[in-house]
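Here the structure is laid out as structure tokens; the discussion comes afterwards.
The values are calculated or read from the model by the stated rules, or taken from the named source; none is laboratory data. Note that the coordinates shown come from a computational prediction; the quantities given were computed from them, not determined experimentally. Ideal geometry is used to build each Cβ from the backbone, glycine not excepted, and the neighbour counts take in all protein chains shown. Remember, those area values only see protein heavy atoms, side chains included, never the ligands or the DNA or RNA. Shrake-Rupley method; radii C 1.70, N 1.55, O 1.52, S 1.80 Å.
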Amino acid sequence: MKNNIGASTACLYPMNTEEALLSLAKLGIRDIEIFINCDMELETPVFDEINRIIRDYSLNVISVHPVPGWESFYLFSNYERRRQQFMDIYKRYFERMNEWGAEIMVFHGANKSAAKSNEFYFEKYEQILTVAESYGIILAQENVAYCKSGNLDFLVKMKKEFGRRAYFTLDLKQALRSGYTPFRIIDELGKNIVHIHVSDNRGLMKHESFGINDDCLPVGRGNFNFTDFFEHLREIGYNKAVILELYRENFSGLTELNESVEKLVDICKIL
């Protein structure tokens, strides 16, 4: 099984994005997701430094993950000026993504607390989707437990609504937090999944008693069956990236982070 296996700069938050990128590059990780934490990271001098690191280490930027929460406040708003501002901000993201060669934008969408109808959500999603497509960018809705997208029925409706234009990022820890196994989400969304965030876990669901960080662990520290997971992906013909996304408090240091990526690579080699 051939996949791009890498890591997100989000793993090293709150380290500055360019410093996190350099740390991953020095580990030898070449397939990268860049997590943007503020607008200034799209501008000089930070953007120039990110470009330098990408160039010097021959990095393959797979995806970009904007600051979570913006979509709920800007796009899924009843205030037209705010939506227009959102479009302008994201056009800048798309321009920078084109420069980096990144094709996928990870999208959280509206928080559950926004209480927006499916019709309203799809209408506003269509707006940003159309802009993304004009830049050649794949907008990949992520399953996020605290967002409307945490509900699998909603994601299935989105798939039906947008057909081949509906793309998804599958996040393992967020699936558990929403009460689903990743395997069920794969079965429901199938070939519309174009990006994956992985972490290990101890198999607990949201209704069970979580220990601290039991759902977001370095590979090998939980009991998730990655071999079965990759086999399941192979059955749907998935041949895209698998990106490690951990929270900084969940691993001891860069060595453990690198070991997680290497373990994922080794699993893929034998399939």
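Heavy-atom accessible area for Thr255, with the other protein chains in place and a 1.4 Å probe, reaches approximately 90 Å². Given the choices [x] 26, 24, 17; [y] 39, 21, 17; [z] 33, 21, 18, semi-axes √(5λ) of the Cα gyration tensor in Å derived from the coordinates of this structure is entry [x]. Only DSSP H runs of four or more residues enter the estimate; each adds -39500 (n - 2.57), and after division by the residues of the chain the mean residue ellipticity at 222 nm equals -13500 deg cm²/dmol. Residues of the chain were split at every exposed loop site, defined as GluC sites (Glu not before Pro) in a DSSP loop with at most 13 other C-beta atoms within 10 angstrom, and the longest piece left, sites excluded, is 44-207. Near the amide H of Tyr167, within less than 5 Å, lie the amide hydrogens of Gln141, all on another chain or at least 5 residues away, with H placed in the peptide plane.
Under the criterion of Cα pairs below 8 Å and six or more residues apart, the relative contact order for the chain equals 20 percent.
Counting only protein heavy atoms and a 1.4 Å probe, the chain has 43 square angstrom of accessible area per residue. The Cβ shell under 14 Å around Glu245 holds other residues with a net charge of -4, Lys and Arg each +1, Asp and Glu each -1.
A 1.4 Å probe, protein heavy atoms only, puts the accessible area of Ser8 near 0 Å².
Under the combined filter of DSSP loop state and at most 13 neighbouring Cβ atoms within 10 Å, region 1-42 retains these trypsin sites (Lys or Arg not before Pro): Lys2. Got a number for carbon plus sulfur as a percent of the chain's accessible area, 1.4 Å probe? Accessible surface attributable to carbon and sulfur in the chain totals 48 percent.
Among Cys11, Cys38, Cys216, the largest mean-square fluctuation in a Gaussian network model of the chain, built with springs joining Cα atoms closer than 10 Å, belongs to Cys38.
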